[in-house]
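Working notes, structure below.
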Amino acid sequence: MDKVVVRIADYRIAEAPATLVTYGLGSCVAVALYDSEKRTGGLCHIMLPSSLGDRASGNPKKFADTCISGMLKDMEGHGCKVDRMVAKIAGGARMFDLPNKEKSSSIGERNRDAVLIELAKRRIPLIAEDTGENYGRTMEFHLGNGDMLVISLRGGTKVYRDEAL
Amino acid sequence: MKRLNENDLDFLRELSNIGVGHAATALSQLIGRQVGMRAPKVSIVDLSSVPELMGGSEKVVSGVYLQVLGDARGAILLVFPDDSSRALINLLLKRVDEPLSEMGASTLKEVGNILASAYLSVLGNMLGITLIPSIPSLAHDMVGAVVDIVLSDLGEIGDTAFVFETEFYDITNDIKGHFFLLPGPDSIDVIMRAIGSKNG
């Protein structure tokens, strides 16, 4: 089967029957967007919540806001429609217990929240989520049926199916 | 951020050489076996390539993370391949630790603490600045997930990381580890100023 690997701070778009996969998500968040009519999807692997921070610079694909808008534009170029899309996300863990950072929310939580805001702005429904906790995840996104598989050392393999399809 | 030239990198490489030498001695004393080290690689790498640098995103490792506090900020991440971290624990606890127990986890954190403290005290002394490690924290997971923390810390302000990478090995060669020192963006300036004043 055709497996397309999405690296950290990047996104890829593919169509059925390909599988998009991204490995070793810690505090990073992977966002899978699927247009079931076109059987086309996009998967991104973001590192940071916002490109608007004081010191934020560099590759726009590492930030939730700029990466998602870039990926959406690209998907529309492939004939996808935002109003047909659904989203599934994974990652956003807190890998290390940092004693002096306990009070503030972790980078993983901030990444997840930023992704949710980007999805809400565009009214893209979030239909599955495997986030938080303190372990790493690998995410597979099967474009034949829109399934999201989340694989971890701790929890084995979990399948998130889109019941409506 | 000031751009580093080849001379600066050489100087930092030499500093790290000495620092890591002390850390290796500390580790030898702890485990009661000779520990060697390879001369550190000092490099500037693309952040997104760091997981591959450590053997691929899904490889299972133990990572000990410490923040560097004091005059310069940064982070230290020690990465042990899974079998090496088991070997270290066996050696120190004199028993097999499977799955990783609370005691095994503390042992790895303590190893990280000793290595980081030895390294930072040498670096700090030579530069005439104070560098203190925070309490260590451990994650046993896929390397991609483990290194996320340093990537996002650094990623906020750029796409490259300044990495010191060293490999430890003991004589029977079943223990290996990578030592990553990731100076915060302002720390390079602090270090270069300290080097400047040392060199008169």
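Just so you know, all these numbers are worked out from the coordinates, no wet-lab data involved. None of these values were measured; they are calculated from a predicted model. Cβ atoms come from the backbone with ideal geometry, glycine included; neighbour counts cover every protein chain shown.
Rounded to whole Å and ordered largest first, report the semi-axes of the equivalent ellipsoid of chain B derived from its Cα gyration tensor (root of 5λ).
That gives 27, 19, 14 Å for the three semi-axes.
Check every DSSP H run in chain B and write down those whose alpha carbon atoms cover 18 angstrom or more along the long axis and whose mean Kyte-Doolittle hydropathy is -0.5 or greater.
TM-like helix candidates: B:6-31, B:102-127, B:185-198.
Extending each Cα 7 Å along its Cβ direction at A:SER105 and B:ILE171, get the distance between those two points in nm, one decimal.
Going by the 7 Å Cα→Cβ label model, 5.4 nm.
Would you kindly calculate the mean projected area, averaged across all directions, of the convex hull enclosing the Cα atoms of the range A:24-75, in square nanometres?
4.1 nm²
Distance in nm between label sites at A:VAL82 and B:ARG95, each 7 Å beyond Cα in the beta-carbon direction?
6.0 nm
Would you mind checking the tilt of helix A:64-77 against the longest principal axis of the Cα atoms of chain A, expressed as 0 to 90 degrees and rounded to 10?
Its long axis makes an angle of about 10 degrees.
D for the range A:12-156, whole µm²/s, Stokes-Einstein with Kirkwood Rh over alpha-carbon pairs at 37 °C and 0.692 mPa s: what number?
Values: Rh = 15.3 Å.
Once the numbers are plugged in, D ends up at 215 µm²/s.
Along its three principal axes, how long is the protein assembly as shown when you only count alpha carbons? Whole Å, largest extent first please.
65, 50, 38
Among B:ALA75, B:ALA39, B:GLY177, flag the residue with its Cα farthest along the positive direction of the charge dipole of the protein assembly as shown, charges on Cβ as +1 for Lys/Arg and -1 for Asp/Glu.
The one lying farthest along the dipole's positive direction is B:ALA75.
Rounded to the nearest 500 deg cm²/dmol, what is the calculated helix-only ellipticity per residue at 222 nm for chain A, with -39500 (n - 2.57) per DSSP H run of length n ≥ 4?
Numbers: 2 runs with 29 residues, N = 165.
Rounded to the nearest 500, the figure is -5500 deg cm²/dmol.
Could you calculate the FRET efficiency of A:ARG123 with B:ARG13 from 1/(1 + (r/R0)^6), where r is the beta carbon distance between them and R0 is 51 Å, rounded to 0.05?
For R0 = 51 Å, the calculated efficiency reads 0.45.
How much FRET efficiency would the formula 1/(1 + (r/R0)^6) give for B:ALA39 and A:ASN145, where r is the Cβ-Cβ distance and R0 is 56 Å, rounded to 0.05?
0.60
P(r) tail for the range B:1-61, what percent of Cα pairs lie past 20 Å?
Of the Cα pairs, 51 percent sit more than 20 Å apart.
Within 10 Å of each Cβ in A:22-35, how many Cβ atoms from other chains are there, averaged over the peptide?
Partner-chain Cβ atoms within 10 Å, mean over residues of A:22-35: 4.
Of all trypsin sites (Lys or Arg not before Pro) in the range A:1-65, which ones are in loop regions per DSSP and have a Cβ with at most 10 other Cβ atoms within 10 Å?
Sparse-neighbourhood loop trypsin sites (Lys or Arg not before Pro): A:ARG55.
Would you order B:VAL45, B:VAL68, B:VAL190 from fewest to most other beta-carbon atoms within 10 Å of each residue's own beta-carbon?
In order of increasing Cβ crowding within 10 Å: B:VAL45, B:VAL190, B:VAL68.
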